[in-house]
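What follows is a short report on a single structure.
The values are calculated or read from the model by the stated rules, or taken from the named source; none is laboratory data. Remember, predicted model here, so these are calculated numbers, not experimental data. Backbone-built Cβ (ideal geometry, glycine too); neighbour counts: all protein chains shown.
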Amino acid sequence: PFIKDRQKAEDISAVYELKEKLGEGSFSEVWVAQHRHSQRLVAVKCIHKRALKGKEALLENEIAVLRKVHHENIVSLEETFETPAKLYLVMPLVTGGELLGRILERGSYAENDARPVIQQVLDAVRYLHQLGIVHRDLKPENLLYESPREDSRILISDFGLSKMEEQGVLSTACGTPAYVAPEFLQQKTYGREVDLWAIGVISYILLCGYPPFYHDNDTQLYRQIVEAEHEFDSPYWDSISESAKDFISHLLQKDPDTRYNCEQALQHTWISGGEVLERNIH
Ligand code: ADP
Ligand code: MG
């Protein structure tokens, strides 16, 4: 079995009613579910074990790790269920939608609106890195707003298990490695630095509304990424501060050793010296 501790013998349907499918990936689905007794709504990620053949030990380990993660900017794992075919991960339901949706709606974010988003992500990723966890799949689809409010807290989701999809990371939904770090593309060994690269890409997109690395031709795209070749094009970046550009360039460093770590990024003046942050994030 995948779940060693606190294993639930009962089927999830005795406890939760699965109501509506929120999303579907290559090896999992996410549902809104209702706790039958308390009526409380939750999100349930259903993982098809069949798709994980040979990686059971890895998954078992990841779930043990996920249980230990408690941070205000990370979607927590509440409980798990297991049947012969499926594994169910119960999480709090968040209702604010994906960061991607808001970027598409707004076009781009003003610096003062982008800053708290990036700061919260950095704070959560620093916590994960301290626990020895690398997310590996940070992107605006995996950053969820807790509520529809404009000042809603942002939460990281869908992590840990990304290790399960080794090939999946390179060939994401649309076939673009938009958030993937140079060392990953070059199949060098890679570590926590890949998360900082992804935060650099996300910061870039938030501020201008388009990705730093883009090419119709995959070979050209790979080359751009491997060279960390990014520009702050006119006129889109003309009104954006030098401090923001400097922050992003320290994250989009080709060499993982010179790339900022979470601590350095949090201390950069664009983050720490910006407008006083709204402390009571709802
Ligand atoms: P996948 O491996 O398919 O990417 P995710 O965990 O990223 O799985 O979930 C897919 C989508 O389901 C997310 O992008 C988000 O829109 C939605 N989702 C995931 N977790 C939650 C949650 N806790 N509350 C609300 N929606 C969620
Ligand atoms: Mg996802």
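Numbers for the structure displayed
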item: Leading residue by the ranking (modelled with the lowest pLDDT) among those in region 148-167 that are of a type outside the set (A, V, I, L, M, F, W, C) and within 11 Å of ligand 1 (Cβ to nearest atom); result: Glu165
item: Number of positions in region 80-96 that are surrounded by fewer than 18 Cβ atoms within 10 Å (Cβ to Cβ) and in contact with a helix residue (DSSP H, G or I) (Cβ under 9 Å, 6 or more places away or on another chain); result: 4
item: Candidate set from region 110-147 (those that are of a type in the set (D, E, K, R) and not in a helix (DSSP H, G or I)); member that is farthest from the chain's Cα centre (by Cα); result: Glu146
item: Filter result (in contact with a His (Cβ under 9 Å, 6 or more places away or on another chain) and more than 20 Å from Gly101 (Cβ to Cβ)) within region 114-128; result: Asp123, Val125, Tyr127, Leu128
item: Region 179-213 - residue that is without any contact (Cβ under 8 Å) to a residue 24 or more places away in the chain and not in a helix (DSSP H, G or I) and, of those, farthest from Asp257 (Cα to Cα); result: Gln187
